[in-house]
Structures are given as structure tokens and as C-alpha cells.
Amino acid sequence: MGVATFEGAHFTSIDWETFGEDGSYPYGIIASGFDNGVVGLWDPNQIIQNSQADGFSGDSNQRGLISLQEVHDGPVHTLAFNPFRQHLIASGGVEVAVHNLEKNIAEPDVFSPGSDVHQGSTITSVSWNRKVPHILGSASQNGISVVWDLKLNKSIFNFSDPSRVANNRNVCLS
């Protein structure tokens, strides 16, 4: 993929989570998805400090920017930090992706949780299991919901809406 940029792009999703046990990110990290498939990471502490230092002038789009990665072929519709492992973020576009910030927050490793069970349908929601850190759920517009096991790197089960007639649902997981 090409050089990641968000110029001219619009925000489509956002999530904010604590990050960094060493205090390097006192206000956590903001993950944002854009309509051009880019996922961005931002440091809110740097946004605040830079805004106060320059009196809210200058290029506000670059304040606190940590990383931009072109991940999805279309819009990023959903993002979620793992509640137990804040270095993991799931994102959904036309596929599900998992971002691992552990080694390098400026260039996170991105991987698929398994083969495409959503049949190319737009992912509308991702959600991490609240008890088991390596379990991820995803749902798509075609009515298919999938539970992924990241240790096995595959779908462990999926189900679909039996009355799925339309392909434009906005299914949400929580």
C-alpha cells in the first residue's frame, strides 16, 4: 500500500484507552479510523502540550500524531482497544485487522485474526471479550457475526441472522 495520509480524509471511528505503564502516555492513546482505510494513533498529552505552547495556532492536524498506517482498502468503520492488553487494537473495514503496538508504536504490526469469514462484507463492529484477552468478536453488514481466537489465529465459531435479506445492516457488538 502507499504512503499513509489523512489529508482530505474524514474520521469514521475512534477509540481512546490508557496506554504505557511507564507513564510515557499519561492521557493514554487515541486510535482513529479514516474513510481512506488509514488508522492513526495520537498522543492526547502531546496535543494538549503543543496546543498550549503555540496558542492553538499552527497545523493542528499534526499535533500528537504518533503513527499513520494504510490498513484497509476502504473506510475503517470500527476500532476497539483490548481491555486487558492495551497494545492490541482491532479494526474493521472490509476485513478485520489486529494492530500490535508492543514492539513499535510508530509502526505497529498488523495481522489478520484468520481467514475471511465475513465473505467480503463491511465490518460494522469489533469487540474484545471482557474475560478472555485473546478472544475477539466481529460483525458485518451481511448479518454474520464471528468469534476469533487469536491464539489459534482462526474463527472458533460464527453465526448469521437467519432472516438476512438485506446487505446493509449496522450490526453492533458490545
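What residue, among those in segment 6-22 that are assigned to a loop (DSSP other than H, G, I, E, B) and surrounded by 13 or more Cβ atoms within 10 Å (Cβ to Cβ), is modelled with the lowest pLDDT?
Within segment 6-22, the match that is modelled with the lowest pLDDT is 6.
Of everything in segment 114-139 that's buried (at least 16 other Cβ atoms within 10 Å of the Cβ) and of a type in the set (Val, Ile, Thr), which residue is farthest from residue 77 (Cα to Cα)?
135
So which strands (runs of 3 or more DSSP E) are wholly in segment 23-142 and hold at least 3 residues that are polar (S, T, N, Q) and without any contact (Cβ under 8 Å) to a residue 60 or more places away in the chain?
Qualifying strands (runs of 3 or more DSSP E): 123-128.
Of the numbered conditions (1) modelled with pLDDT of 95 or more; (2) open to solvent by less than 50 Å² (accessible area, probe 1.4 Å); (3) not charged (D, E, K, R), residue 111 satisfies every one except a single condition; which is it?
(2)
The values are calculated or read from the model by the stated rules, or taken from the named source; none is laboratory data. Note that the structure is predicted; figures quoted are calculated from it, not measured. No Cβ is skipped: glycine too gets one built from the backbone with ideal geometry, and neighbour counts run over all protein chains shown. We work out accessible area using only protein heavy atoms, side chains counted, and drop any ligands, DNA or RNA first. Shrake-Rupley method; radii C 1.70, N 1.55, O 1.52, S 1.80 Å.
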